[in-house]
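Structure first, then comments.
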Ligand SMILES: [Zn+2]
Ligand SMILES: [Zn+2]
């Protein structure tokens, strides 16, 4: 497989999925014309896909750039794969239009660089933003996504490190027994139970919303952020 003529450099925090579009765009092609077969659950296919993409782009990237791997752990937004939906940080987009892998992770409710809530739709036409929109920097209605309003988070409520890693809940029991990924899942599970099985919050949830909450996703990002903290605080006092 011959390398493509134009080979943009991949960023360390860029998703391979977003990079494919950037690579295609730089070569005035569609992704479907790049002869890349996006992997299924099969790990051989995944390895082959990465080898082909490395051949085409001559870039060094690893499994860590592949959103697909986070999907296996059920950490991705529920509809990113079917519809390529993503969240984004307008300030990051203003600096550079490429897709940051963390934007597609459910528990990433805010940008760790700018400490603002992520946004998931166009403020002008209300269409859900896709990975391709972030690579282009504009919505399908031509609105420049970097112009979207941002809202700062309360710094105390941040639960991600500057690198975007999940800060472990400081409970002796949880820290000893659960990996960070397991902790995230436990928090998401408890969040699901609190919002769907108790009367803590009088939410009118549709069947679909209840299903999505099982994956730790709620469409109101500020509320999701609030509840992730709420559940973390509950778990901090878990008896050891
Ligand atoms: Zn940002
Ligand atoms: Zn729009």
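The values are calculated or read from the model by the stated rules, or taken from the named source; none is laboratory data. Keep in mind that what you see is a predicted model, and the values were worked out from it rather than measured. Using ideal geometry, Cβ is built from the backbone for each residue, glycine included, and neighbour counts are taken over all protein chains shown.
Before moving on, here are some points about what is shown:
- Residues satisfying the stated conditions in the range 120-154, i.e. part of a loop (DSSP other than H, G, I, E, B) and more than 16 Å from ligand 1 (Cβ to nearest atom): 122, 123, 124, 125, 126, 127, 139, 140, 141, 142, 143, 154
- Scanning the range 185-234 for residues that are touching a helix residue (DSSP H, G or I) at 6+ places or on another chain (Cβ under 6 Å), in contact (Cβ under 8 Å) with a residue 40 or more places away in the chain and more than 13 Å from residue 107 (Cα to Cα) yields one hit, 190.
- Candidates 83, 69, 60, 55 - the one that is farther than 21 Å from residue 128 by Cα, out of contact with any helix residue (DSSP H, G or I) (no Cβ under 9 Å at 6 or more places or on another chain) and surrounded by fewer than 22 Cβ atoms within 10 Å (Cβ to Cβ): 55
- Condition check for residue 231: surrounded by 14 or more Cβ atoms within 10 Å (Cβ to Cβ), more than 18 Å from the chain's Cα centre (by Cα) and part of a helix (DSSP H, G or I): yes
- Residue in the range 74-91 that is more than 16 Å from ligand 2 (Cβ to nearest atom), touching a residue at least 60 places away in the same chain (Cβ under 8 Å), over 19 Å from residue 184 (Cβ atoms) and assigned to a loop (DSSP other than H, G, I, E, B) present: yes
- Beta carbons closer than 7 Å, at least 6 apart along the sequence or on distinct chains, pair a first residue in the range 112-128 that is on the phi > 0 side of the Ramachandran plot and assigned by TED's automatic domain parsing to the domain that holds residue 92 with a second that is part of a loop (DSSP other than H, G, I, E, B) and within 16 Å of ligand 1 (Cβ to nearest atom) for 115/153; 115/158.
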